[in-house]
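Down below is the structure, laid out as structure tokens.
Nothing in this text is a laboratory measurement; each read-out follows from the coordinates by a stated rule. Everything numeric in this text was worked out from a predicted model, so none of it was measured. Here the Cβ is made from the backbone with ideal geometry for all residues, glycine too, and neighbour counts use every protein chain on show.
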Amino acid sequence: MLIKYTPFGEMADPFRFLDTAVNRLLNEPQATRPWMPSVDILENENELVLKADIPDVELKDIDIQIENGTLSLRGERKFEKNDEKSGYHRIERSYGTFERFFSLPETVDAEHVKADYKNGVLSVTLPKKELAKPRQIKVAINNN
């Protein structure tokens, strides 16, 4: 009896490999895949503001810490299993824990950081130290 030798297994037929990978991607619950929320960071003369999109994450599941000049943002979006007879047709949103880290400039006043969570958006306001804020200095001109 002869056995066909295929050193690359499924990859010997690239279309079969692609079909298997796509089917796995679409059918595997994303509750098992890690995810990272999208973040915007804006700066004005008084503060830095970090905004993270984390819909369906409960406030008790969000952890914000500042340590050694690094802001850490951690949390978890839990997958709610539906015990009804009808099931999901597709699961495209990611679930599970997430973690983001941001290096902070020395100009941030870590003692006065504020956070707000509204409509699925977490806003972290990082005020600047007084020394880092721009100042206007008037120069006197001598008319001799």
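Can you give me the distance in nm between label points at K51 and D116, each placed 7 Å from the Cα along the Cα-to-Cβ direction?
Between K51 and D116, the simple spin-label model gives 1.1 nm.
Residue by residue, what Karplus-based ³J(HN,Hα) values in Hz, rounded to whole numbers, does the range 88-95 have, using 6.51, -1.76 and 1.60 with θ = phi - 60° and x for Gly and Pro?
Running phi through 6.51 cos²θ - 1.76 cosθ + 1.60 with θ = phi - 60° gives 6, 8, 7, 10, 10, 7, 8, 10 Hz.
Would you please classify the overall shape of the range 46-144 from the alpha carbon gyration tensor, given that a ≥ b ≥ c denote the square roots of the eigenvalues, rounded means a/c under 1.5, and beyond that prolate means a/b larger than b/c while oblate covers the rest? Working shown, then result.
Working: a/c = 4.59, a/b = 3.23, b/c = 1.42.
Prolate, because a/c is 1.5 or more and a/b exceeds b/c.
Quick one: compute the contact order of the range 55-144, relative version, from alpha carbon pairs under 8 angstrom and 6+ residues apart, as a percent. Intermediate values should be presented prior to the final figure.
Working: 100 pairs, mean separation 21.6, N = 90.
For the range 55-144, the relative contact order is 24 percent.
Under 5 Å between amide H atoms, partner at least 5 residues away or on a different chain: which partners does D109 have, H built in plane at 1.01 Å?
Residues meeting the criterion, in which the H sits 1.01 Å from N, are K128, K129.
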